[in-house]
1. Select from the range 3-26 the residues that are assigned to a loop (DSSP other than H, G, I, E, B) and among the hydrophobic types (A, V, I, L, M, F, W, C) and write down the one among them that is modelled with the lowest pLDDT.
2. Of the residues Leu39, Leu73, which is assigned to a loop (DSSP other than H, G, I, E, B) and touching a residue at least 12 places away in the same chain (Cβ under 8 Å)?
3. Taking the condition of a type outside the set (S, T, N, Q), surrounded by 12 or more Cβ atoms within 10 Å (Cβ to Cβ) and touching a Leu at 6+ places or on another chain (Cβ under 8 Å), does Ala48 pass?
4. For the range 57-70, indicate whether the set of residues that are surrounded by 12 or more Cβ atoms within 10 Å (Cβ to Cβ), at pLDDT 95 or above, of a type in the set (S, T, N, Q) and not in a helix (DSSP H, G or I) is non-empty.
Amino acid sequence: MAELDPAQVLAAMNDIARTELDHSTPLELTQRLTDDLHLDSMNMIVMAVGLENRFRIKLDEQDAGQLATVGDLIALVCRRAKEQA
């Protein structure tokens with residue numbers, strides 16, 4: 001896969017948040033996944049699986065501990081896409 005544009009990943013996250021998690025406002029890079037967006041472990045799985053399917057990548061469970069913000073998740077998806085190209 002070619003290098004991902006972070007804007008593509010943000011758009012995909014917004015789509016997943018809207019359709020799968022009933023989140024109505026646009027996501028912002030600085031929003032914290034648990035504190036601001038109130039994503040619990042199940043919601044994080046829904047987001048991760050959606051991103052995996054959309055970008056044909058694999059996210060590991062250990063990755064979740066390193067993620068605090070929307071921007072962190074975007075960076076991880078872009079990194080995984082590059083690694084798995």
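The values are calculated or read from the model by the stated rules, or taken from the named source; none is laboratory data. Bear in mind the structure is a predicted one, so any value in this text is a computation, not a measurement. Here the Cβ positions follow ideal geometry from the backbone for every residue, glycine too, while neighbour counts run over all protein chains shown.
1. Looking at the filtered set, the residue picked out is Leu4.
2. Leu39
3. yes
4. yes
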